[in-house]
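Colleague: Provided herewith is a single structure, encoded as structure tokens, for subsequent inquiry.
The values are calculated or read from the model by the stated rules, or taken from the named source; none is laboratory data. Note that the structure is a prediction, hence the values are computed from the model and not measured. Here the Cβ positions follow ideal geometry from the backbone for every residue, glycine too, while neighbour counts run over all protein chains shown.
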Amino acid sequence: MAANEEKNITVNRKARHDYTILQTYEAGIVLQGTEVKSLRAGKANLVDSYGSIKNNEMWLIGAHISEYTQGNINNHIPNRDRKLLLNSSEIRKLIGKTKEKGLTLIPLRLYFKNGKVKVELALVKGKREYDKREAIAKKDFQRDQERKIKY
């Protein structure tokens, strides 16, 4: 890989549909060896996962990284909580923001950056049902306009 090249492992598409993204953060993640090998094979799922702050540390809860197929008895637990690496100043800011009503932390994607696994976390606010319908209608309208221009 070239310098600063990023390679997506998995993307949480549901997050962009269900939430309004207010701010994004890049965090490192503490992994075991078999987890990295499984991620290189693309075996991860971020649906229904979220970020949580416990004892002034950031944790990724509910992310599924499948067991490594060539792993032995020392294979990792697929749904374990994983520690995220952020600056203490960023964690302090997030503690204040997540205490606000309706704001939460959701992982948007897992990716490799310079050989290291990173998580893109987003501070989000949940969309109402009518907001989702409005977003879908807007997307359909833009798609129709592009088709008309194309022909």
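Colleague: When both residues are 6+ apart or on different chains and their Cβ atoms are under 6 Å apart, which pairs have a first residue that lies in region 24-42 and is within 9 Å of Y68 (Cβ to Cβ) and free of Cβ contacts under 8 Å to residues at least 24 places away in the same chain, and a second that is among the small types (G, A, S) and not in a loop (DSSP other than H, G, I, E, B)?
Modeller: Taking only residues 6 or more apart or on different chains, not a single pair turns up.
Colleague: In addition: Collect the residues in region 95-142 that are charged (D, E, K, R) and assigned to a helix (DSSP H, G or I), keeping them in residue-number order.
Modeller: K97, E129, D131, K132, R133, E134, K138, K139, D140 - these are the residues of region 95-142 that are charged (D, E, K, R) and assigned to a helix (DSSP H, G or I).
Colleague: Return the residue satisfying two criteria in turn: it lies in region 97-151 and is free of Cβ contacts under 8 Å to residues at least 40 places away in the same chain and hydroxyl-bearing (S, T, Y), and of such residues it is farthest from L31 (Cα to Cα).
Modeller: Here the residue is Y151.
Colleague: Additional query: State all residues of region 63-86 that are surrounded by 17 or more Cβ atoms within 10 Å (Cβ to Cβ) and either closer than 20 Å to K97 by Cα or in contact with a Leu (Cβ under 9 Å, 6 or more places away or on another chain) (or both); if no residue qualifies, say none.
Modeller: Within region 63-86, A63, I65, H76, R82, L84, L86 qualify.
Colleague: Let me ask you something else. Could you please give the count of residues in region 1-55 that are surrounded by fewer than 16 Cβ atoms within 10 Å (Cβ to Cβ), hydrophobic (A, V, I, L, M, F, W, C) and in a loop (DSSP other than H, G, I, E, B)?
Modeller: 6
Colleague: Considering only residues of region 113-132 that are of a type in the set (D, E, K, R) and at pLDDT below 85, which is surrounded by the fewest Cβ atoms within 10 Å (Cβ to Cβ)? Steps first, answer last, please.
Modeller: Looking only at region 113-132, we keep the residues that are of a type in the set (D, E, K, R), and these are 113, 116, 118, 120, 125, 127-129, 131-132.
Filter again for at pLDDT below 85, leaving 127-129, 131-132.
Details: K127: 16, R128: 9, E129: 7, D131: 14, K132: 12.
Step by step, filter region 113-132, then rank; the result is E129.
Colleague: State all residues of region 43-56 that are without any contact (Cβ under 8 Å) to a residue 60 or more places away in the chain and touching a strand residue (DSSP E or B) at 6+ places or on another chain (Cβ under 6 Å); if no residue qualifies, say none.
Modeller: Matches in region 43-56: N45, S49, Y50, S52.
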